[in-house]
Amino acid sequence: MDYTRRDLAQAVLDAHPDCKSGLDTFRSGFSDAMKTHQERVRDGLLKAFGVDLEAHPALAFMLSKTARTNAVITSPGDGFGEAGLLVRRLEHTGVLDRIGDIMKLNEQSREAHLDIADELIGLMGPTVEKVTSADLLALGVDDTPPDSSDYEIDY
């Protein structure tokens with residue numbers, strides 16, 4: 001796989017401890033493994049791109065704040081495993097339409113957070129334009145994500 005600076009920015013956002021991207025609320029073991037994977041890939045990409053967060057404390061602080069605020073983007077409908085009865089109750093109230101509006105705005109917000117993270121990383125002077133899976137492997141980072149089917153569903 002080829003990674004761009006934007007992929008690095010997404011990896012930084014995804015690796016934030018509060019970010020739920022890529023996780024499975026029904027498989028906590030998988031979610032733990034995925035979070036570890038996300039952190040490992042983020043760290044490997046930072047190294048491979050030649051980005052040293054410690055050399056840019058103000059930019060790193062802003063990047064950290066961007067990742068934190070990205071992680072808490074949510075909507076009133078998030079977190080429901082099964083909301084069939086509630087949805088039926090709300091169908092003709094306009095509430096579901098408003099939740100849909102919020103979800104669209106949240107997607108715009110996530111895209112804006114990614115844009116900010118990408119620009120901040122660019123200001124930190126990456127030394128390469130592209131990184132490959134082979135580059136990461138040479139650094140000891142396997143970018144193969146965990147497989148959710150290897151984990152039991154939590155009951």
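Over the chain, what is the relative contact order in percent, taking alpha-carbon pairs closer than 8 angstrom and at least six residues apart? Intermediate values should be presented prior to the final figure.
On the way: 172 pairs, mean separation 69.1, N = 155.
That works out to 45 percent.
Cα-based count: Lys pairs in region 2-143 below 24 Å, eight or more positions apart or different chains?
10
Taking a ≥ b ≥ c as the square roots of the eigenvalues of the Cα gyration tensor of the chain, is the shape rounded (a/c under 1.5), prolate (a/b larger than b/c) or oblate?
Values: a/c = 2.82, a/b = 1.56, b/c = 1.80.
Verdict is oblate for the chain.
Please report, in debye to the nearest 20, how large the charge dipole of region 1-147 is about its Cα centre when each Lys and Arg carries +1 at its beta carbon and each Asp and Glu carries -1 there.
Details: 16 positive and 25 negative charges, 79 e Å.
Approximately 380 debye in magnitude.
Select from TYR151, LEU114, GLY140 the residue farthest towards the positive end of the dipole of region 104-155; place +1 on Cβ of Lys and Arg, -1 on Cβ of Asp and Glu, and compute about the Cα centre.
So the residue we want is LEU114.
Using a 7 Å offset from Cα along Cα-Cβ at LYS130, what residues in region 1-44 end up with backbone N under 15 Å from the label point?
1-8
How far, in degrees from 0 to 90, does helix 28-49 lean away from the longest principal axis of the Cα atoms of the chain, to the nearest 10?
Relative to the chain, helix 28-49 is tipped by roughly 30 degrees.
Determine the shape class of region 87-155: with a ≥ b ≥ c the square roots of the Cα gyration tensor eigenvalues, call it rounded for a/c under 1.5, and otherwise prolate if a/b is greater than b/c, oblate otherwise.
Values: a/c = 5.38, a/b = 1.54, b/c = 3.49.
Since a/c reaches 1.5 but b/c is at least a/b, the shape of region 87-155 is classed as oblate.
Could you tell me the center-to-center distance, by alpha carbons, between region 128-155 and region 34-100 in angstrom?
19 Å
Which value in nm describes the separation of the simple spin-label points at ASP115 and THR4, placed 7 Å from the Cα toward the beta carbon?
Going by the 7 Å Cα→Cβ label model, 1.5 nm.
Readers should treat all values here as calculations from the given coordinates under stated rules, not as data from a laboratory. These figures come from a predicted structure and were not determined experimentally. Neighbour counts are summed over all protein chains in view; Cβ atoms, including those assigned to glycine, are modelled from backbone coordinates with ideal geometry.
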